Amino acid sequence: MKILQQITQVFVWLARAGAGLAFLVLICAVLVQVVGRTIGNSPVWTEELTRYALLYLVAFGGGLALRSGDMVNVDVFSENLPGRGPWMLRFFSAVATLGLTVYLLAPAWKYVSIGRMQTSPALGLRMTYVHFTVWLLLVVLAVAALVRIAGMIAGTDDGTPEKKPEEA
């Protein structure tokens, strides 16, 4: 089970690093935008860059939100079931999330490939890099669901959201 913990730690570290980098880009772009407007003229590309950084922030943060329970849950119903009912519903939910994300990977990649023929108006960036966020979100959610499933099968995770340090 040590390998599962290591995989989980690497996944969480990569997702946090990606979300942090996207947030840093977002902060810098907004700062340039605000300073530019204060001085009198804001660069046009800042609007576009903030949108793209936000997309990457969501793509990396989706799996972290699944792990922490910050996504929408219906635990008022599921956690009040008797016996192993809550565990079974959490397991089914993780399997359904994994199945849906894996099913959507091929169509999402087709969407990404369409971006080769397009460029963003202000930055001149190939839209492949922007459309990639959709595919990335699916991959990150799939890995988060797979880690949860593996942990539940191994008995190292009960499928409940991980507690934040202030809640423990």
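Just so it is clear, none of the values below were taken in a lab; they were calculated from the coordinates. If you're wondering where the values come from, they're calculated on a predicted model, not measured in any experiment. Please note: Cβ atoms are built from the backbone with ideal geometry, for glycine as well, and neighbour counts cover all protein chains shown.
Table for the structure above
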{"quantity": "Cα-Cα separations in region 2-154 greater than 20 Å, expressed as whole percent", "calculated": "59"}
{"quantity": "Cα→Cβ-extended label distance, 7 Å offset, between R126 and Y103, nm", "calculated": "3.1"}
{"quantity": "Residue-by-residue Karplus 3J(HN,Hα) for region 37-48, coefficients 6.51, -1.76, 1.60, Hz, glycine and proline x", "calculated": "5, 5, 6, x, 8, 8, x, 5, 5, 5, 4, 5"}
{"quantity": "Nonlocal amide H pairs with T119, under 5 Å, H built at 1.01 Å", "calculated": "M127"}
{"quantity": "For region 113-119, 3J(HN,Hα) per residue [Karplus equation, 6.51 cos²θ - 1.76 cosθ + 1.60, θ = phi - 60°, Hz, x = Gly/Pro]", "calculated": "5, 4, x, 4, 8, 10, 10"}
{"quantity": "Inter-centroid distance (Cα atoms) of region 8-75 relative to region 97-153, Å", "calculated": "16"}
{"quantity": "In nm, spacing of pseudo-spin labels at T38 and L14 (7 Å Cα→C-beta vector)", "calculated": "3.9"}
{"quantity": "Theoretical ellipticity at 222 nm over the chain - DSSP helices of four or more residues, -39500 (n - 2.57) apiece, nearest 500", "calculated": "-26000 deg cm²/dmol"}
{"quantity": "Region 2-154, dipole about Cα centre (Lys/Arg Cβ +1, Asp/Glu Cβ -1), debye to the nearest 20", "calculated": "320"}
{"quantity": "0 to 90° range, to nearest 10: angle between helix 128-154 axis and the chain longest Cα axis", "calculated": "20"}
{"quantity": "Relative contact order (percent, whole number), region 2-154, Cα cutoff 8 Å, 6+ residue spacing", "calculated": "28"}
{"quantity": "Leading residue at positive end of dipole, the chain (Cβ point charges), from I39, L89, T128", "calculated": "T128"}
{"quantity": "Region 3-83: equivalent-ellipsoid semi-axes (sqrt of 5 x gyration tensor eigenvalues, Cα, Å)", "calculated": "37, 17, 8"}
{"quantity": "Computed label-point distance, nm, for sites I153 and V95 using a 7 Å Cα→Cβ extension", "calculated": "1.1"}
{"quantity": "Peptides ranked, highest mean first, by Cβ atoms within 10 Å: ranges 25-34, 89-98, 52-61", "calculated": "52-61, 89-98, 25-34"}
